[in-house]
1. On C-alpha positions alone, give me the angle between the axis of helix 139-158 and the longest principal axis of the chain, in degrees, nearest 10.
2. With unit charges on the beta carbons (Lys and Arg positive, Asp and Glu negative) and the dipole taken about the Cα centre of segment 3-158, which residue among THR20, LEU114, VAL151 sits farthest to the positive side?
3. Using the eigenvalues of the Cα gyration tensor, what equivalent ellipsoid semi-axes result for segment 3-158 when each is taken as the square root of five times the eigenvalue, whole Å, largest first?
4. Test of understanding: given the chain, find the longest segment containing no trypsin sites (Lys or Arg not before Pro) that are in a DSSP loop and have at most 15 other Cβ atoms within 10 Å.
5. Under a Cβ-only charge scheme (Lys and Arg +1, Asp and Glu -1), can you give me the dipole magnitude of segment 3-158 about the Cα centre, in debye to the nearest 20?
6. Quick one: what Rg and Dmax do you get for segment 64-107 from the alpha carbons, in Å?
7. Give the order of TYR49, TYR65 when sorted by the count of other beta carbons within 10 angstrom, beginning with the fewest.
Amino acid sequence: MTPDRKPDVAGLLGTLKKETPADGYARVQQMFESISSAVDKCRTDSSCYMSILDEPVPSVPPTAYYKQVKATWMVVMLGGGANAGATRAQLLKKVPNVKNTGARIALVEAIDELAPQGDAAAADALDKIVADDTKSGDKDLMSTDNTVAQVAWRLRVRGQ
């Protein structure tokens, strides 16, 4: 959802509310609010979205991490193209500090998206993150490592 599409999405939520159980709609509404807070703050400023990735993810509501997920994909959308390499490098630096599993997976997938020709150095960095997660014993971080390792593999294979 780009800033100009927010009213359309908000309108669709009204329709969804009529057709969705209350608990399901409440979760969707929380997601929309998390995403909207990022869009309202940053509009089309890639560096603003990048700064959201430095914010801690609250544990409540459980959908709070969607703000970081949205910020990640807006960074890809606004910072790709000719700037993809620099954007990818910035995102890669953030991975070790992103502890929320959903936000971390989105971040790693964004790195993958920004590297259609591969990136062996990024793959090496992701492998190091997996090793560090294993050493830490943090089960939440280790739960993301399958995705991290798969992205590292894709980055390495594409670069050959």
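Rule-based calculations on the coordinates, nothing more; no lab input. Bear in mind the structure is a predicted one, so any value in this text is a computation, not a measurement. Here the Cβ is made from the backbone with ideal geometry for all residues, glycine too, and neighbour counts use every protein chain on show.
1. Roughly 60 degrees between the two axes.
2. THR20
3. 29, 19, 13
4. Values: sites that count: ARG43, LYS99.
It works out to 100-160.
5. The dipole of segment 3-158 has a size of about 120 debye.
6. 10.2, 31
7. TYR65, TYR49
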